[in-house]
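This structure is in structure tokens; I'll ask about it shortly.
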Amino acid sequence: MFCTLLIKGQDDYTGPKARDYIKKPAKTAAFIELGGNAGLFCLNIDRIYIYKEKLKVGARLGFAPHFNGLYIEQIYVLENNFILFKNPHHLELGLGATMQRRYNERPNQIDNYFWESIVFGVARCGYRYQKQDDGFFVRAALTPIFMSSDAEGFHSNYFQFWAGVSLGVSF
């Protein structure tokens, strides 16, 4: 009995075990994007839901307020990205949608202001730095808008060239 207590007394119970980032890598990132799909800036959360050594697939959800006089217009970003190559340097390719709720003007109408919902199709091609463990997260990308749908209908020939830089943390 005394030997059993001595053996248990040698164990280290000072704190929790360190996380094994090979088995449980950092899959979530919180960041701010300057420029990019939402315009001036966007607050985002990104989650990798398929994690392989050379291919990761992640989804992004973002929100940005846009101030238009007394009105606060909302911008939401949904995106699905393919993250290629080994850690920590990646090529990121993706498609998504930017949805904007905008207070707009109808010319030559009596009640000429109205709330309009606009959807933009967006793409992403860029660099992503994200280590397997918790820490600093950065990315830079070209984010062109390639179509639009608004109160006047669907515009398949709509195109705007955008670029963005993101800074944040992964955990």
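The values are calculated or read from the model by the stated rules, or taken from the named source; none is laboratory data. Since this is a predicted model, take the numbers as computed values, not measurements. Counting neighbours? That spans all protein chains shown, and the Cβs are built from the backbone with ideal geometry, glycine included.
Does residue 38 satisfy the criteria of being in contact with a helix residue (DSSP H, G or I) (Cβ under 7 Å, 6 or more places away or on another chain) and within 26 Å of residue 115 (Cα to Cα)? Quick ask: steps written out before the conclusion?
Values: in contact with a helix residue (DSSP H, G or I) (Cβ under 7 Å, 6 or more places away or on another chain): no; within 26 Å of residue 115 (Cα to Cα): yes.
Answer is no for this residue.
If you go through segment 85-94 one residue at a time, how many are on the phi < 0 side of the Ramachandran plot and over 16 Å from the mean Cα position of the chain (by Cα)?
Number of matching residues: 4.
Now a separate question. Select from segment 112-134 the residues that are aliphatic (A, V, I, L, M) and either touching a Gly at 6+ places or on another chain (Cβ under 6 Å) or without any contact (Cβ under 8 Å) to a residue 12 or more places away in the chain (or both) and list them in ascending order.
Residue satisfying the conditions is 122 alone.
A follow-up question, please. Can you tell me which residue within segment 32-53, out of those that are hydrophobic (A, V, I, L, M, F, W, C) and not in a strand (DSSP E or B), is farthest from residue 94 (Cα to Cα)?
Looking at the filtered set, the residue picked out is 40.
Yes/no per residue for (1) assigned to a strand (DSSP E or B); (2) farther than 24 Å from residue 105 by Cβ; (3) not basic (Lys, Arg):
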| residue | (1), (2), (3) |
| --- | --- |
| 124 | yes, yes, no |
| 129 | yes, yes, yes |
| 132 | no, yes, yes |
| 140 | yes, yes, yes |
| 146 | yes, yes, yes |
| 149 | yes, no, yes |
| 154 | yes, no, yes |
| 157 | no, no, yes |
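List every residue pair whose Cβ atoms lie under 6 Å apart, where the two residues are 6 or more positions apart in sequence or sit on different chains, the first residue falls within segment 90-107 and is modelled with pLDDT of 95 or more, and the second residue, located anywhere, is of a type in the set (Asp, Glu) and surrounded by 15 or more Cβ atoms within 10 Å (Cβ to Cβ).
Partner pairs satisfying both residue conditions: 94/79; 96/79.
Report whether or not residue 81 is over 12 Å from the mean Cα position of the chain (by Cα) and free of Cβ contacts under 8 Å to residues at least 60 places away in the same chain.
Against the criterion (over 12 Å from the mean Cα position of the chain (by Cα) and free of Cβ contacts under 8 Å to residues at least 60 places away in the same chain), residue 81 does not qualify.
Which of (1) at pLDDT below 95; (2) out of contact with any Phe, Trp or Tyr (no Cβ under 9 Å at 6 or more places or on another chain) is the odd one out, the single condition residue 49 does not satisfy?
Condition not satisfied by residue 49: (1).
To continue, here is another question. Which residues, taken from segment 120-171, are among the aromatic types (Phe, Trp, Tyr), under 22 Å from residue 26 (Cα atoms) and either surrounded by fewer than 19 Cβ atoms within 10 Å (Cβ to Cβ) or out of contact with any Ser or Thr (no Cβ under 9 Å at 6 or more places or on another chain) (or both)?
In the first step, residues of segment 120-171 are kept if they are among the aromatic types (Phe, Trp, Tyr); the result is 120, 127, 129, 136-137, 146, 154, 158-159, 161-162, 171.
Next, only the ones that are under 22 Å from residue 26 (Cα atoms) stay: 127, 129, 136-137, 171.
Selection gives 127, 129, 136, 171.
Scan segment 142-171 and report the pairs whose first residue is closer than 30 Å to residue 113 by Cα and whose second residue is part of a loop (DSSP other than H, G, I, E, B) and of a type in the set (Val, Ile, Thr), with Cβ atoms within less than 6 Å and a gap of 6+ or a chain change.
Pairs found: 162/143.
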